[in-house]
Amino acid sequence: MSDRYPPINPNCPHFLHGGDYNPDQWPPEVWEQDMRLMKLAHCNAMSVGIFAWARLEPAEGQFDFSWLDRIMDLLAESGGYAVLATPSGARPAWLSAKYPEVLRVRPDRGRNLHGRRHNHCLTSPIYREKVRIINTKLAERYRDHPALLVWHLSNEYGGECHCELCRDAFRAWLQREYPSLDALNQVWWTAFWSHTYTAWEQIEPPSPIGETCVHGLNLDWKRFLTDQTTDFMRNEIAPLRELTPDVPVTTNFMGTYAGLNYWKMAPELDVISWDSYPRWHGARPDADLAAEVAFVHDINRCLKGGKPFMLMESTPSMTNWMRVAKLKRPGMHKLASLQAVAHGSDTVQYFQWRKSLGSSEKFHGAVVDHVGHENTRVFSDVADLGRALEKLDPVIGTTVRPDVALVYDWENNWAITDAAGPRHDKGYLPTCRRHYRQFWRRGIPVDVIDMDQDLSGYKLVVAPMLYMVRQGVAERLEAFVRGGGTLVATYWSGIVDEHDLCFLGGFPGPLRSLLGIWDEEIDALYEGDSVAVVAAADNGLGLSGQYEARELCALVHAESAQVLATYGSEFYAGRPALTGNAVGEGRALYVASRNGDRFLGDLYTALAGDLGLLRTLDVDLPDGVSAQLRTDGERRFAFLMNFNAARVVVELGSAALTDLLSGEAVSGSLELEPYGVRILAQ
Ligand code: GLA
Ligand code: ZN
């Protein structure tokens with residue numbers, strides 16, 4: 001059966017390639033040049049109007065679409081498309097001046113002045129109304145325009161507002177969440193320090209000048225912010241859906257940005273998109289960073305169950321806001337762009353098309369530099385990539401159905417980060433990435449999901465540091481294991497419920513019978529300290545000899561679980577460091593300590609073999625090389641990516657593969673250039 005999604009918008013069954021385009025900042029002569037250059041750059045999609053509200057509505061209720069009409073026409077005449085933005089990310093000065101309630105209030109309760117961007121109140125009825133009006137006008141005007149391809153909502157939603165309207169909205173939200181103030185006091189554990197509330201009006205969002213210690217409050221405030229932002233977004237979407245039901249809607253996410261739980265926003269969108277700005281060529285090997293970027297690409301693919309996403313922004317050369325704005329080395333532009341495609345993007349888009357003349361982003365990388373012509377290194381890199389993307393129509397809509405899911409959960413991150421102890425830096429995200437990296441380097445595709453997703457299609461679920469266990473999660477994990485799945489859990493799991501209240505009666509709380517252990521204590525180590533972990537002779541998981549644990553070591557008792565490794569030093573020498581519990585047809589493993597890469601490598605090599613995990617290519621990949629699969633269930637496209645600054649050779653064996661870009665047949669020893677990438681079709 002073919003497993004292929006339709007193109008993002010069936011009007012354009014090709015890769016989208018282009019960038020944020022601000023013609024509102026330039027005179028019409030420049031627009032003509034832009035169209036000529038767009039073709040030369042093999043670009044076909046421009047993200048227009050993101051920050052153009054002041055040009056669209058120069059005075060309240062007075063609209064000027066003439067310039068945008070012309071741009072839309074020019075795009076259509078040039079065979080291009082518009083990813084058309086709603087302008088709520090930045091507003092005209094008249095709006096702030098006339099309606100100060102739209103200005104955001106900081107956590108210290110001070111109101112901002114007009115300036116910058118992304119700084120509106122999420123609740124203000126006036127702001128919502130003004131946004132609704134301009135969105136309606138845009139949709140009415142361009143609903144039948146051939147250039148309109150995708151709606152780009154606002155820009156990088158984020159942040160919080162603490163104004164009276166938002167505070168009231170929070171209290172109303174709480175009253176919907178909790179049957180009574182008593183119930184709220186109970187789950188927020190407000191008797192602590194006599195913080196008991198006796199009236200809803202006493203509740204204030206967390207603030208540096210007020211409450212920060214009630215963790216249930218902190219969690220609920222974050223949940224409210226996601227809900228309120230989603231509600232603001234729904235208000236933006238309503239007129240677009242009504243007037244242009246066939247035009248897909250997206251908004252550009254920011255990777256693992258902690259301020260919003262993207263899993264709650266995703267259902268409102270037709271297609272996911274995100275902005276990727278890795279700091280290539282820094283102190284760490286590029287391959288380390290590449291694995292981290294891959295992790296985020298995978299989240300974006302999973303947010304809609306495997307549906308291709310959009311790489312909405314990336315830089316064609318340098319990113320000016322970085323401490324050091326290093327240029328991408330030759331090859332990296334194509335590699336980083338096709339890496340997004342490898343993990344499920346059906347677009348490669350940039351910030352920005354043309355460098356601006358003034359203001360804070362005038363030195364940010366762009367396709368067209370201040371020199372104004374096409375004879376630049378960056379322009380030719382972009383055009384090369386454009387030519388490559390034009391050959392990738394067969395990849396459109398394909399995806400991957402991995403055997404492995406890794407759980408990275410936003411709310412869990414909030415709770416772990418907020419907790420005082422057992423260390424200041426608990427390292428949740430880095431830990432998830434380290435587990436992920438083991439699959440990445442073996443070319444084993446992974447879904448990165450939150451704890452509420454369906455687990456039934458996987459063979460292996462890796463859930464590092466599942467500190468918070470929400471209602472129903474333990475039951476679903478148990479059903480997964482009973483049905484034959486393998487679960488890898490770690491230290492600092494099953495500690496609190498969804499309100500951040502500790503589980504009583506022994507950790508890991510609701511996971512105790514599944515994991516077959518009781519976690520009695522956790523030891524935190526200073527930097528530089530380590531504890532030995534010794535593999536049991538018959539562990540059956542490819543572990544041998546001694547390994548090193550750092551930072552966190554749980555002291556557990558095996559109940560029904562079998563001990564597969566023990567600590568080899570410290571006062572807890574001899575106690576379990578790795579356990580396995582057979583449940584139903586499957587097994588739940590518990591890694592009690594934060595072990596090094598060698599341990600994870602041995603463990604996952606053994607599991608990959610035992611479980612027969614889906615691999616992109618059945619070959620050993622050199623260090624710094626990854627392989628990622630896209631398929632429709634019949635044709636397979638293996639993206640082979642070299643993140644080393646040196647040539648490498650990959651031994652492909654006798655598999656009959658075709659290089660999709662060159663059309664050549666490939667087998668045997670395949671050389672990859674420094675930062676080289678090949679797409680091999682099967
Ligand atoms: C973000 C924004 C863009 C631009 C880029 C610069 O991603 O969405 O408007 O400021 O950063 O890197
Ligand atoms: Zn507000």
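The values are calculated or read from the model by the stated rules, or taken from the named source; none is laboratory data. None of the values given here were measured: they were computed from a predicted structure. FYI the Cβ positions are ideal-geometry reconstructions off the backbone, even for glycines, and counts take in every protein chain you see. The protein model used for the area step is the full one, side chains on, heavy atoms only, and it has no ligands, DNA or RNA in it. Shrake-Rupley method; radii C 1.70, N 1.55, O 1.52, S 1.80 Å.
Here are a few things to note about the model shown:
- For the chain, the relative contact order comes to 12 percent (Cα pairs under 8 Å, sequence separation of at least 6).
- Estimated translational diffusion coefficient (Stokes-Einstein, Kirkwood radius over Cα pairs, 25 °C, 0.890 mPa s) of the chain: 92 µm² per second.
- Rounded FRET efficiency, nearest 0.05, which uses the C-beta distance separating GLU129 from ASP620 and R0 of 60 Å: 0.50
- Fully extended contour minus Cα-Cα distance, from HIS195 to GLU242, at 0.36 nm per residue: 12.3 nm
- Overall, the anisotropy analysis places the range 291-432 in the oblate class: the square-rooted eigenvalues a ≥ b ≥ c of its C-alpha gyration tensor yield a/c not less than 1.5, with a/b not exceeding b/c.
- In straight-distance terms, cross-link reach from LYS426 covers every one of the aspartates and glutamates whose alpha-carbon lies under 17 Å from its own, apart from those fewer than eight places away in the same chain; here that gives ASP409, GLU411, ASP418, ASP500, GLU521, ASP523, GLU527, ASP529, GLU551.
- Rounded to the nearest 10 Å², the accessible area of SER194 at probe 1.4 Å: 100 Å²
- Computed over the range 85-173: relative contact order in percent, which uses C-alpha pairs under 8 Å that are six or more apart: 43 percent
- Computed from the C-beta positions of GLU164 and SER513, the FRET efficiency with R₀ = 41 Å rounds to 0.30.
- Accessible surface for GLU673 stands near 90 Å², nearest 10, in the context of the full protein assembly shown (1.4 Å probe).
- Two-site label geometry, HIS373 and ASP610: point separation in nm, points 7 Å out along Cα→Cβ: 6.5 nm
- Computed [θ] at 222 nm, helices only, for the chain once each DSSP H run of length n ≥ 4 contributes -39500 (n - 2.57): -9000 deg cm²/dmol
- Heavy-atom surface of the chain, accessible at 1.4 Å and reported per residue (Å²): 38 Å²
- In a fully extended conformation the segment linking HIS424 and SER544 would gain 40.0 nm over its present Cα-Cα distance, using 0.36 nm per residue.
- When only the Cβ of Lys, Arg, Asp and Glu is charged (+1, +1, -1, -1), the dipole of the range 1-102 relative to its Cα centre reaches about 220 debye.
- Prolate/oblate/rounded call for the range 471-550, Cα gyration tensor, a/c under 1.5 rounded: oblate
- Chain lengthening between SER667 and GLU634 when straightened (0.36 nm per residue, less Cα-Cα): 9.9 nm
- Label zone at VAL324 (point 7 Å along Cα-to-Cβ), backbone N below 14 Å, the range 283-298: 283-286
- As a calculated quantity, the FRET efficiency between ALA283 and ARG476 at R0 = 51 Å, using C-beta atoms, amounts to about 0.80.
- Accessible surface of the chain, 1.4 Å probe, proportion on carbon and sulfur as whole %: 51 percent
- The modelled label-to-label distance between TYR257 and ARG387, using points 7 Å beyond Cα along the C-beta direction, is 3.6 nm.
- Inter-probe distance in nm under a simple model that places probes 7 Å from Cα toward Cβ, at ALA537 and ARG109: 6.9 nm
- Charge tally in the Cβ shell below 9 Å around TYR491, where Lys, Arg are +1 and Asp, Glu are -1, TYR491 excluded: 0
- Measure of compaction for the range 454-497 (Cα Rg per 2.2 N^0.38 Å): 1.10
- Intensity falloff of the range 219-298 expressed as log10 I(q)/I(0), Debye formula with alpha-carbon point scatterers, at q = 0.13, 0.15, 0.25 Å⁻¹: -0.54, -0.66, -1.17
- Under-5 Å amide H pairs with ALA565, H placed in peptide plane, nonlocal only: ALA536, ALA577, LEU578
- Under the criterion of Cα pairs below 8 Å and six or more residues apart, the relative contact order for the range 53-209 equals 26 percent.
- As a rough guide to protection, the peptides 228-239, 111-122, 141-152 ranked by mean Cβ packing within 10 Å, highest first, stand as 141-152, 228-239, 111-122.
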